Amino acid sequence: YLREAATRCLDRYPEVTDKLIQAYLADRDSIGRKEANRTYISVLRNNFRKKAQVGKPQEIAFRRLLWTAVENPEDGMDDAGQFFRHSRDEFSELAVVNFDDLIGAAATLSEKYEQIDKDSLLQVEENFLDHLDKRNKLSAIDVLQQSLIEWASIGAKYKGEEGIKDYLSLYRKIPEEQTQMRGNMIAHVSKLLTGVESLKMTLSDWYRALMDESTLVRAHAIKAWEDVPYDLVSNFPDLFFEAYAVLLMDKYVIVHKYAVYSLRRRSFPKEKRHLIKAHLWNLISYYSESDKQDD
């Protein structure tokens, strides 16, 4: 009942109630933080597939949850982080309003990711449990970053041509060495597609990512193929299909594995399948003789 009362207050007097909630969180009490997250999440609930109500309470709650999730990204079960794990089209308006915050938060996560890697290098000796803990933290941060970027792509698509340009402009400004961020942004490039014009806008960056020096970026670029709208498949140029075929011969497992997996979700047009048949058969022949990659 107290949670419901807090939710009603936040819904009716959003700015005053938000200020009160933040005052209670000054001592960083974990229980208070959890209850605050639940209150913010409660004003963002709506009936499935129905247009969500978006007003001041929802804007405040979304932004609070976003930066709370970034504060503790290593905790995969955190309520704030869990909210962003599954993007929802009905909150596209919030994704547009908070586009810069979403990309900024994702960039912050890149810094946290790199810091954990640096800290582990400073350890004199890393045992199995230390290694497992590090991998779990890195995985949780990466998953959250992917989710935030997916929210940003939803906002960019909802905004239209201007939003797509903003997304691609930010992608181009990411330093080359930040492969995690670049990979996660290019992985969602296909979610920007609404028609032929949006395809033309994204193709050059997408093609360059397919040829990128980074194994991770190439793998994420090929993964984006699985989310291409079916109606647009026939509009892709020959050069894209040829580049895809080359990645089926990539010597790194993560790249050719993603290339094969993506074909389960989105197949090639019939007239282009001759480009990949031989490469797929080579992979089947090789892995059928290996006990390392049964899938």
Requested in this report: Take peptides 277-287, 213-223, 19-29 and line them up by average Cβ neighbours within 10 Å, highest first, as a rough protection proxy.
Outcome: 213-223, 277-287, 19-29
Report task. With a 10 Å radius around each residue's Cβ, average the other Cβ atoms per peptide and rank 4-17, 77-90, highest first. Result -> 77-90, 4-17
Requested in this report: Note the angle between two axes, namely the Cα long axis of helix 30-42 and the longest principal axis of the Cα atoms of the chain, as a number of degrees from 0 to 90, rounded to the nearest 10.
Outcome: 80
Report task. Report the extension gain between Ile284 and Arg208 in nm, rounded to one decimal, defined as 0.36 nm multiplied by the number of residues separating them, less their alpha carbon distance. Result -> 24.6 nm
Query raised in the report: When you take every Cα atom in the chain, what is the radius of gyration, and what is Dmax, the widest Cα pair distance, in Å?
Result: 21.5, 66
Query raised in the report: For Glu111 and Tyr261 in one chain, what is 0.36 nm times their gap in residues minus the Cα-Cα distance, to one decimal in nm?
Result: 51.0 nm
Query raised in the report: In nm, to one decimal, how far is the Asp238 label point from the Ser169 one, both placed 7 Å along Cα→Cβ?
Result: 3.6
Query raised in the report: Accessible area per residue of the chain at 1.4 Å probe, in Å²?
Result: 57
Report task. Provide the gained length on full extension for the span Glu226 to Leu2, in nm with one decimal, where the gain is 0.36 nm per separating residue minus the Cα-Cα distance. Result -> 76.2 nm
Query raised in the report: Once you put a point 7 Å from the Cα of Thr215 and another 7 Å from the Cα of Asp130, both along the Cβ direction, what distance in nm separates them?
Result: 2.4
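The values are calculated or read from the model by the stated rules, or taken from the named source; none is laboratory data. On a predicted model such as this, the values are computed, not experimentally measured, just so you know. Neighbour counts are summed over all protein chains in view; Cβ atoms, including those assigned to glycine, are modelled from backbone coordinates with ideal geometry. Just the protein is used for accessible areas: all its heavy atoms, side chains included, with ligands, DNA and RNA removed. Shrake-Rupley method; radii C 1.70, N 1.55, O 1.52, S 1.80 Å.
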